[in-house]
Amino acid sequence: MKAFAELLDRLVLTPSRNGKLKLLADYFAATPDPDRGLALAAITGDLDIPSVKPAMLRTLVTERMDPVLFAYSYDYVGDLAETVSLVWSSAADESAQKEIRLADAVGALQRAGRADGPAILAGLLDRLAIPERFAIIKLVTGGLRIGVSARLAKQALADFGEVEVAEIEELWHGLKPPYTELFRWLSGEGEKPQRAAAAPFRPVMLSNPVGDGDLEKLDPADYVAEWKWDGIRVQAVSEKGVRRLYSRTGDDISGAFPDIIEAMDFEATLDGELLVGNPPGHTGTFSDLQQRLNRKSVSAKTLSRYPAFIRCYDILQERGEDRRSLPFAQRRQRLERFVATLDPGRFDLSPIVPFLGWEALEDLRKDPPHPIIEGVMLKRRDSAYVPGRPKGPWFKWKRDPHTVDAVLMYAQRGHGKRSSFYSDFTFGVWSGAEGALQLVPVGKAYFGFTDAELRQLDKYVRDNTIERFGPVRSVRADPEHGLVLEIAFEGLARSQRHRSGVAMRFPRISRLRWDKPVAEADRLETLQALLDR
Amino acid sequence: MIHVRNVFKRLFGAPWRPYLWTMQPHRLLCPRPEGLFCPPGGFFIDPVRPVDRALVTHGHSDHARAGHRAVLATAETLDIMALRYGEDFAATTEAAALGRTVRVNDVAVTFYPAGHVLGSAQILVEWNGLRIVASGDYKRQRDPTCALFEPVPCDVFITEATFALPVFRHPDASREIGRLLKSVRQFPERAHLAGAYALGKAQRVIRLLRDAGYSEPIFIHGALSKLCDYYASRGIDLGRLEPATVESGGKNGFAGGIVVGPPSAFADRWARRFADPVACFASGWMRIRQRARQRGVELPLIISDHADWDELTATIRDTGASEVWVTHGREEALVRWCELAGISAKPLHLVGYEDEGD
């Protein structure tokens, strides 16, 4: 339990991906089974512990201490789990208590019923020290929120076992906590587990961006072009009565898409883009699609308002036959025949975009016919479907980003290498009438600039600070004085969380406009016009 | 008798305690804008403005200021004040030996160790049979760089309240040092930057590292060197210390090393010489995750020179005081605890002491 608690504490404050991977891999190496597998399940969200309601926790603690002192404490800390872990009085804080294994704690809680759950939790808290108490409370109240995705955890497993992450993704859905077989294999003590799950995920094939001079070396006749649709890449698998929808990284997202699952009355594995709308006539925007993402379940109203469908790119398996080694051109023919047999409201084909040469294609890329197209894809006619991101067979060639000239408003110190630099920038655009101009914040960016530019920005922030709040500085920004930043972004969505009413996708600083008068930065209306397109 | 007690309670809002009432402790010590004043002794304790006669508990700058006419403090505290403010920080000084009573006008004054930093003391003042202890800042956890706190029986105990909330429970400092050393082993390509206040905390962190068997040179910020030298001259061996200059870091930017400096320096341009630094901060505030997050701390080290909640409440009981005055910090929670424990308590509103100094 100690090692797990320490791992959580470190992960939550470690900003860098490599740092997190190292912490996880070291933990897997140092921790015995089944604890490490249970920890993994807790991190990937696959550990099911009957929930203890926060109200129950509050009752437990105020039975043991003065409610006024508890109120002062909670008010100061702000997080219930953390407060309870700290104020809980137990002998374990001082004495060298016997270590409680994570497996024992989880086992006791999983066996507990609704009636004895609180007492069992209290008994555990009595025997644990502060960091472990925090970990166990987070486990039972759900949601570790430590900034580690399932994908990152799988990468850490791959690092630990020195295997490709694709191998882990492929196996993942046949495995169950505490993953003893998997760890035996990764630590070199056992055979690779057999793929056991029905309708398994097959690691996806990814493309590389077109770099300078890449295309000159290639013959357009070898390639097929398709639009790059701006939805989310998915894999629909239906085998022997089992139907699953996977994200690009192998997460099972079937629960949120019953409409798609219902229409999967076939034996095949399809690769495509998940979108919302009514094909072929109407394709919804990315912000429409967001109404359907990151949900465990979905209401009938949302289903009818934002129907989902898959725009198919590829076929990996049909009626039990693996098609991945066939050339793209042959897979495409099979795909076309196959999609023709499916419900047209749920599955359609990603059309082939005819083009004569690279220049003609560039015109199409720059000005695609639909707002939800973010560029073109190029696929070699003879390419097999291979996992990962091989260089050569597939390219993505994206539309140029949108840009806006915004004004720097706030800057925050970064983390790690950047902890002495103001490197996270909040910027705004003008709104209000001439003479009463006001800046409205529209986004935050922390990359896009060079190291030399970062030093200039940092100096500018330090020299033009008007207020400080902890790690944040407010920078002078008015029509007479300020710094204009050219911001590049991929798209814009309506947002009720932001005062401006808009939220940018992938904003980054593309240029520092030292030359531009501040009053001439863009207005909010410019962004709003983009929304209404 | 019952009747009189109720009348008293209604008038003064405090329980009937004939003994203390006749003693009138506020005639012995009372808050003034300059600091805590002792009328029969004619002195202030830790005054924040220049006064004629000052008794100083320890060398932190919010307690020990320059410009008094006469200062009575432990020899170490006087040395530290001289290091910080120059030899002429007061017109006259007198060193107080721990445990030895001296008379200041009508009052008997004795200094006892407070366990806070080197030279730190509590001050017992006695007058007409009344005993008040002004404890300054203190802690109970063992600290290899200073003498252990000694509970002093008294009628009124004046306690600090920096960490006076039940959420502040400091772990054993050696455990925190263990976490730092583990991280150094895990991330040998990065420099570990341990933020620690220049007086006391920094030397304690360094000494604890040595106790844990760390024998590599430790790099220090320039602001620490005088005080580290002073600690060493007082027999506290800090091992090999090197200035954290750009030259000493070499090409690898201190990768694999431990650098100790004042916390403010790590947000400064000074910190750019370090390779992909791991920001660590040794402070009792690091107990609260949000505090660590706000400061961009990656490895919080919960090491405090102030008493935590359990130490505060245990100390109040140890002194046997029937009345407690609570100052600088979270007074309300400790006053509440005293009420529940049947001990009379009130906040003592002194100005000028920093809440954040740990």
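The C-beta contact set for the stretch A:53-80 (first residue more than 10 Å from every other protein chain (Cβ to nearest Cβ) and without any contact (Cβ under 8 Å) to a residue 40 or more places away in the chain, second residue part of a loop (DSSP other than H, G, I, E, B) and surrounded by fewer than 16 Cβ atoms within 10 Å (Cβ to Cβ), distance under 8 angstrom, 6+ apart or interchain) comprises A:R64/A:S89.
Does B:E126 qualify as being of a type in the set (D, E), outside any loop (DSSP other than H, G, I, E, B) and not assigned by TED's automatic domain parsing to the domain that holds B:F281?
On the way: of a type in the set (D, E): yes; outside any loop (DSSP other than H, G, I, E, B): yes; not assigned by TED's automatic domain parsing to the domain that holds B:F281: yes.
Judged against the criteria, B:E126 is a match.
Name the one entry in A:Q438, A:Q496 that is of a type in the set (S, T, N, Q), surrounded by fewer than 21 Cβ atoms within 10 Å (Cβ to Cβ) and closer than 20 Å to A:K516 by Cα. Talk me through it step by step, then tell me what you get.
Details: A:Q496 fails: closer than 20 Å to A:K516 by Cα.
Matching residue, one of A:Q438, A:Q496: A:Q438.
Remark: pairs (first residue in the stretch B:80-105, in the same structural domain as B:R69 (by TED's automatic domain parsing); second residue at pLDDT 95 or above and among the β-branched types (V, I, T); Cβ separation under 6 Å; 6+ apart in sequence or on different chains) = B:A90/B:V71; B:T93/B:V71; B:A96/B:T74; B:T101/B:T110; B:V102/B:V109. Tell me, yes or no, whether the stretch B:192-199 has at least one residue that is modelled with pLDDT of 95 or more, closer than 20 Å to B:R287 by Cβ, crowded, with 24+ Cβ neighbours inside 10 Å and away from chain A (no Cβ under 14 Å). So far as the stretch B:192-199 goes, yes, one or more of its residues are modelled with pLDDT of 95 or more, closer than 20 Å to B:R287 by Cβ, crowded, with 24+ Cβ neighbours inside 10 Å and away from chain A (no Cβ under 14 Å).
Within the stretch B:285-312, track down each residue that is polar (S, T, N, Q) and more than 7 Å from every other protein chain (Cβ to nearest Cβ). Show your work before the answer.
First, the residues of the stretch B:285-312 that are polar (S, T, N, Q): B:290, B:294, B:304.
Result: B:S304, single match.
Taking the stretch A:28-39 as the range and being within 14 Å of chain B (Cβ to nearest Cβ) and either in contact with a Leu (Cβ under 7 Å, 6 or more places away or on another chain) or closer than 22 Å to A:G174 by Cα (or both) as the test, only A:F28 passes. Considering only the stretch A:153-160, I want to know if a residue exists there that is outside the structural domain of A:T31 (by TED's automatic domain parsing), of a type in the set (D, E) and either at pLDDT 90 or above or not in a helix (DSSP H, G or I) (or both). Yes: the stretch A:153-160 contains one or more residues that are outside the structural domain of A:T31 (by TED's automatic domain parsing), of a type in the set (D, E) and either at pLDDT 90 or above or not in a helix (DSSP H, G or I) (or both).
Pairing each residue of the stretch A:246-275 that is among the aromatic types (F, W, Y) with any residue that is modelled with pLDDT of 95 or more and crowded, with 18+ Cβ neighbours inside 10 Å, provided the two are 6+ apart or on different chains, yields C-beta distances under 6 Å for A:Y246/A:Q235; A:F257/A:L245; A:F257/A:A308; A:F266/A:S238.
Residues of the stretch B:121-168 that are more than 14 Å from chain A (Cβ to nearest Cβ), of a type in the set (V, I, T) and more than 28 Å from B:S233 (Cβ to Cβ): B:V125, B:I132, B:V133, B:V152, B:V156, B:I158, B:T159.
Suppose we keep only residues that are in contact with a Lys or Arg (Cβ under 6 Å, 6 or more places away or on another chain) and more than 20 Å from B:R317 (Cβ to Cβ) within the stretch B:144-156. Which one would you say is surrounded by the most Cβ atoms within 10 Å (Cβ to Cβ)? Ranking the qualifying residues of the stretch B:144-156, first place goes to B:T145.
Residue-by-condition table, conditions (1) more than 24 Å from A:T249 (Cβ to Cβ); (2) out of contact with any Leu (no Cβ under 7 Å at 6 or more places or on another chain); (3) part of a loop (DSSP other than H, G, I, E, B):
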{"residue": "A:T269", "(1), (2), (3)": "no, no, no"}
{"residue": "A:K296", "(1), (2), (3)": "no, yes, yes"}
{"residue": "A:K301", "(1), (2), (3)": "yes, yes, no"}
{"residue": "A:S304", "(1), (2), (3)": "yes, yes, no"}
{"residue": "A:R311", "(1), (2), (3)": "no, no, no"}
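Just one of the numbered conditions (1) surrounded by fewer than 22 Cβ atoms within 10 Å (Cβ to Cβ); (2) part of a loop (DSSP other than H, G, I, E, B) is not true of B:I303: (1). Here A:V472, A:V442 are screened, and the one residue that is within 20 Å of A:S510 (Cα to Cα), of a type in the set (V, I, T) and either in contact with a Gly (Cβ under 9 Å, 6 or more places away or on another chain) or not assigned by TED's automatic domain parsing to the domain that holds A:T285 (or both) is A:V442.
Across the stretch B:262-283, the qualifying residues are those that are out of contact with any Pro (no Cβ under 8 Å at 6 or more places or on another chain) and more than 10 Å from every other protein chain (Cβ to nearest Cβ), and the one among them that is farthest from A:R17 (Cα to Cα) is B:P262. None of A:A25, A:A92, A:A105, A:A42 is in a helix (DSSP H, G or I), within 14 Å of chain B (Cβ to nearest Cβ), at pLDDT below 95 and in contact with a Leu (Cβ under 9 Å, 6 or more places away or on another chain) except A:A92.
Restricting the search to the stretch A:447-463, which residues are part of a loop (DSSP other than H, G, I, E, B) and either small (G, A, S) or modelled with pLDDT of 95 or more (or both)?
Restricting attention to the stretch A:447-463, the residues satisfying the condition of being part of a loop (DSSP other than H, G, I, E, B) are A:447-450.
Across the stretch A:447-463, the qualifying residue is only A:G448.
What about A:K444, is it assigned to a strand (DSSP E or B), of a type in the set (K, R), touching a strand residue (DSSP E or B) at 6+ places or on another chain (Cβ under 6 Å) and away from chain B (no Cβ under 14 Å)? Yes, satisfied. Just wondering, is there one or more residues in the stretch B:223-239 that are at pLDDT below 95 and away from chain A (no Cβ under 14 Å)? Yes, the conditions are met somewhere in the stretch B:223-239.
Hey, can you tell me all the residues within the stretch A:362-396 that are part of a strand (DSSP E or B) and within 25 Å of the chain's Cα centre (by Cα)? Before you say what the answer is, go through the steps one by one.
To start, the set of residues in the stretch A:362-396 that are part of a strand (DSSP E or B) comprises A:373-380, A:388, A:394-396.
Once the filter is applied, which keeps residues that are part of a strand (DSSP E or B) and within 25 Å of the chain's Cα centre (by Cα), the stretch A:362-396 yields A:I373, A:E374, A:G375, A:V376, A:M377, A:G388, A:W394, A:F395, A:K396.
Of all residues in the stretch A:460-480, those being of a type in the set (D, E, K, R) and either crowded, with 17+ Cβ neighbours inside 10 Å or away from every other protein chain (no Cβ under 14 Å) (or both) number 5.
Condition check ((1) among the hydroxyl-bearing types (S, T, Y); (2) touching a Pro at 6+ places or on another chain (Cβ under 9 Å); (3) in a helix (DSSP H, G or I)) across all residues:
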position	(1), (2), (3)
B:L199	no, no, no
B:S215	yes, no, no
B:L224	no, yes, yes
B:D229	no, no, yes
B:I236	no, yes, no
B:G239	no, yes, no
B:V260	no, no, no
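The values are calculated or read from the model by the stated rules, or taken from the named source; none is laboratory data. Since this is a predicted model, take the numbers as computed values, not measurements. Note: ideal-geometry Cβ built from the backbone for every residue, glycine included; neighbour counts use all protein chains shown.
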